Amino acid sequence: MEATAVSLTRTVLDGVLGSAGTAMADEAALLLGVRGEVGFIRSELQMMQSFLRVQSSATRWGAGGGGCRDTVRTCVKQVRDLARDLEDCLLDFTLHASRSRWLRWGPGLAARHRVAGRIRGLKATVVELNQRNERYNVFAAASHHGATPGEEHHGQTDDDYPRAQLAPGSERQDIERAGEMDELVKLVNKMGDAWVVSVWGMGGMGKSSLVRMLYNDMALIDGFDGRAWVTVPHPLESTDEVERRLRKQLGVAPDRTIRAWLEENRCLVVVDDVSSHEEWELISRCLPANGPTGSRVVVTTRRDDVARQCAGDVRENVYELKPLEDEEARKLFCQKVYKDAGYKLMDDMMEQANRILERCRGLPLAIATIGGLLANRPKTSREWMDLRKHLGSELESDRDIKRVITSSYDGLPYHLKCCFLYLSIFPENHEIRLTRLLRRWIAEGYITKPRDMSVEELGRRYYNELISRSMIQPSEKARASMAVERCRVHGVVLQIILSQSIEENQLFIMDKHCNEAPQGNIRHLVVTRWKKNEKMASLNLSQVRSLTIFGRCPVSLISSKLHFLRVLDLEDTLELENDDLKHIGELHHLRYLGLRKTNISRLPSSLENLRFLETLDVQDTKVTQLPVGITKLEKLCHLVGGVNFAKDLAGKTRKNKEASKCNGDPFEMLADLVTGCYGYKQVEPSCSCCTCEFSVTAPERIEKLRNLQVLGVVHIARGSKVAKNLGELTSLRRLGVDVDATEEVGKDLCSSVSRLVHLERLEVRSRSLEFLKEAKKAEEMPPKHLLSLRLCGRLGNLPGWMDRLKDLAKVKLIQTQLKQVDVEVMGKLRNLTLLALWEESFAEKTLCFGEGTFPKLKLLYIEGMENIESIQIKDGALPLLEKLEVKKCINLDDSKDGLSLVLVLQNLNELVLTSCGDKPKLEKELQKQISGFKKRPKFITGKSIVSRS
């Protein structure tokens with residue numbers, strides 16, 4: 001992984017060059033008397049960047065001799081450390097440049113001399129580094145070295161087991177995957193113009209092993225005239241090597257082309273380990289455009305996008321190899337340890353085996369590797385427990401598994417390496433929220449702003465590419481619910497990259513097992529499993545860029561010593577107090593402040609000093625008021641607060657309302673009665689649907705925050721000008737408001753929302769949402785390209801503009817009291833994939849999904865509808881539905897009419913019926929209906945889970 005230092009350094013340099021190249025920086029350089037030095041450093045950094053760009057390409061495939069590579073690696077690390085020192089200095093320089101007047105007077109003079117002296121010192125260090133590299137001829141060696149024998153095909157070997165250890169047909173002895181084998185055989189035998197089958201999955205999943213089983217299957221190969229197996233050499237610069245191997249294995253005469261041979265004969269060709277689109281473009285040149293005579297090509301790759309390209313975007317010809325099920329994993333484990341897949345473990349051994357397998361998470365290579373380690377050790381529960389505790393070092397010392405993980409990592413482009421390595425900050429099995437990750441990447445400077453898209457869009461592209469390359473795994477729970485996207489790193493992969501991250505990224509994890517200060521600099525500090533008042537080792541915090549807490553935050557850790565801190569992530573931190581943030585205003589370089597799901601109730605006024613702050617996340621905290629100076633933070637892009645919009649929101653609201661009535665507020669009771677009948681036109685409620693306890697008060701002059709892209713949930717009070725001024729925030733992509741809906745405020749809000757042309761998600765909460773129906777002019781309607789709509793409050797009927805939202809993909813409703821006619825309107829939204837009808841969102845007794853409605857809906861949630869007696873699904877409705885969840889509908893008929901015609905939902909994967917009271921007849925009827933499915937869905941009731949058969 002020597003390429004790591006290259007990619008990290010290049011990322012650092014991108015940020016440095018951007019900081020040092022502004023007109024404001026030039027003015028500050030002139031004031032500091034270091035204009036020449038800054039110009040020199042800027043030029044040197046550009047040369048370093050060019051050098052590192054070359055090295056990034058060279059190290060990707062392991063080019064260069066061992067000695068040369070060691071020299072270059074040392075040079076690259078020195079450049080990395082120097083670049084980070086430069087960036088620290090230039091960050092201070094940029095901070096002072098933003099207030100150049102301050103440099104002329106009083107305390108600014110001392111800072112002026114300090115920064116100038118440091119810049120001159122760094123210039124001398126750059127000169128010294130260049131002289132050292134010239135002495136050791138580093139740059140000449142780096143520019144002339146080539147691939148040495150034995151290294152030219154680095155990364156091409158099998159991603160599952162070392163090929164030298166695989167005898168033809170022997171794979172079944174280690175892992176029996178009959179189900180996958182049968183499905184793959186069916187794909188290969190299927191006739192049609194599309195003749196390429198792609199098998200993809202993360203490294204170590206068993207792709208090559210499975211395809212080798214196919215390749216050696218006598219019943220299959222009897223139907224072919226010939227066969228060939230080609231493992232793609234890396235880097236692949238031409239088709240010569242591929243053609244040579246195919247010609248030799250297929251016995252093609254010198255005067256014939258491979259393409260012509262495959263067109264005239266029925267052959268089976270395996271192309272193993274295609275790593276990029278460019279490689280397939282080259283390989284496909286020597287293959288026919290189609291397979292008229294029945295030739296078949298099977299491709300293995302680690303990338304979903306490459307798999308789809310190879311299969312000609314015929315999705316059914318793309319086969320994803322998934323982790324082993326628990327029983328298969330146990331059989332493989334016992335086969336490796338005891339040479340008997342059916343070996344019955346004793347209870348104490350089974351407990352340790354299950355814990356080991358849990359960390360392997362179905363990855364065959366990891367299971368086989370650990371089983372091999374245990375095969376030659378005493379077979380005791382203590383021995384297995386010790387191995388589990390030291391699993392990281394055991395896996396890292398295993399050459400086979402490390403080779404697989406390293407080759408996947410080395411194949412990443414430079415800009416993805418640092419993004420991927422950054423994930424080692426999060427603990428094993430931790431589900432990482434996409435928005436949290438993207439905003440941290442941006443704050444760290446890992447994503448530079450492109451010309452033709454937003455930074456967030458580019459970050460999402462990076463994220464999707466890491467998933468496509470099987471480097472990270474999307475959360476199954478999030479994928480099933482289409483909730484906020486989450487991912488995690490496979491535990492085995494994390495163990496392999498963690499030590500590399502500690503070395504290259506200067507990561508330090510401080511927990512109860514490790515409280516010793518590291519020798520080098522700390523750039524990323526993680527504190528986990530810590531007691532709040534426990535004494536910490538003395539750490540040098542002066543160069544820490546990110547601080548992440550999992551558990552409790554040590555007392556006094558957050559201090560002015562964290563001078564260069566960019567990311568302070570305290571999400572889910574236990575026992576966090578307001579006083580722990582008293583020094584927050586001294587962290588002048590802070591870009592990301594995450595306080596989500598903590599007990600914080602007040603933000604310090606010094607927050608206004610954080611002029612570089614981009615993200616402030618106080619969602620699901622007790623914070624309801626923002627500091628007055630929040631509008632001074634002109635770089636703020638994401639301001640997130642209030643209680644998250646979820647199915648229990650109505651319950652929280654009701655508890656709050658009941659508490660208000662218990663306190664004897666007669667106006668609350670009167671407003672509750674009258675508003676339900678007349679809406680805001682007759683009575684203006686004193687507070688919104690969810691009250692400001694579930695939102696943060698929107699600051700006046702919020703329009704000054706012109707860079708805001710995410711805002712919500714903010715409370716807009718009666719008489720406030722905020723609703724009118726929101727229209728000035730034209731960069732907004734997500735907006736959530738909690739409104740005291742007077743006629744004037746409602747009209748102003750609709751007018752503002754219509755001007756937010758980039759808006760993708762709109763969330764509106766109010767005791768009455770009647771004002772939404774008054775928006776009848778184009779200048780009062782939401783943008784027609786809206787993707788997500790969330791409404792909480794009495795509505796009665798959908799607004800007339802609802803049917804113009806053709807791109808709408810997600811709708812979540814609470815307390816809207818809609819009618820059947822409104823369901824029919826939503827049923828015509830052609831791109832709707834998720835519909836959540838939560839508490840009191842539907843007012844009638846029968847909910848019907850008519851023929852031809854909801855053509856793309858995949859997820860349907862119905863919960864908390866005590867009035868509903870029957871849910872009817874007509875033939876032709878919901879053709880793509882994958883999950884149907886019905887909860888807390890206690891008056892649902894206990895008969896086939898309670899939930900009818902589920903049998904028409906042939907794409908259904910999961911059916912949930914819980915908390916609806918005792919419904920034995922309905923459950924029996926549903927069980928009968930789904931038993932006839934070709935692929936039986938999981939059926940979850942209040943009493944049990946009926947697994948797929």
I want to confirm something. Restricting to the range 748-762 and keeping residues that are crowded, with 17+ Cβ neighbours inside 10 Å and not aliphatic (A, V, I, L, M), which single residue is farthest from LEU834 (Cα to Cα)? ASP748
Residue, farthest from GLU840 (Cα to Cα), within the range 862-914, restricted to residues that are surrounded by fewer than 16 Cβ atoms within 10 Å (Cβ to Cβ) and among the hydroxyl-bearing types (Ser, Thr, Tyr): SER895
Consider THR853 against the criteria (1) touching a Lys or Arg at 6+ places or on another chain (Cβ under 6 Å); (2) closer than 26 Å to LEU808 by Cβ; (3) hydroxyl-bearing (Ser, Thr, Tyr): it satisfies all of them except one. Which criterion is unmet? (1)
With the condition kept exactly as written, say whether any residue in the range 676-688 is modelled with pLDDT of 95 or more, under 23 Å from VAL745 (Cα atoms) and not in a loop (DSSP other than H, G, I, E, B). no
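Condition check ((1) among the aliphatic types (A, V, I, L, M); (2) farther than 25 Å from LYS622 by Cβ; (3) not in a helix (DSSP H, G or I)) across all residues:
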position	(1), (2), (3)
SER731	no, yes, yes
ASP738	no, no, yes
VAL745	yes, yes, no
SER751	no, yes, no
VAL757	yes, yes, yes
LEU762	yes, yes, yes
Could you list, in sequence order, all residues of the range 613-655 that are more than 30 Å from TRP838 (Cα to Cα) and surrounded by fewer than 20 Cβ atoms within 10 Å (Cβ to Cβ)? PRO627, VAL628, GLY629, THR631, LYS632, GLU634, LYS635
Hey, among the residues in the range 557-573 that are touching a residue at least 40 places away in the same chain (Cβ under 8 Å) and either among the small types (Gly, Ala, Ser) or under 24 Å from GLU693 (Cα atoms) (or both), which one's surrounded by the most Cβ atoms within 10 Å (Cβ to Cβ)? ASP569
Sort out which residues of the range 584-607 are more than 20 Å from GLU693 (Cα to Cα) and crowded, with 17+ Cβ neighbours inside 10 Å, and write them in order of number. ILE584, GLY585, GLU586, LEU587, HIS588, HIS589, LEU590, ARG591, TYR592, LEU593, LEU607
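Residue by residue, here is whether (1) more than 19 Å from VAL628 (Cβ to Cβ); (2) surrounded by 20 or more Cβ atoms within 10 Å (Cβ to Cβ); (3) outside the structural domain of ARG436 (by TED's automatic domain parsing) holds:
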position: GLU693; (1), (2), (3): yes, no, yes
position: ILE702; (1), (2), (3): no, yes, yes
position: VAL713; (1), (2), (3): yes, yes, yes
position: ILE716; (1), (2), (3): no, yes, yes
position: VAL722; (1), (2), (3): no, yes, yes
position: SER731; (1), (2), (3): yes, no, yes
position: GLY736; (1), (2), (3): yes, yes, yes
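The values are calculated or read from the model by the stated rules, or taken from the named source; none is laboratory data. As the structure is a prediction and not an experimental result, all values here were calculated from the model. Here the Cβ is made from the backbone with ideal geometry for all residues, glycine too, and neighbour counts use every protein chain on show.
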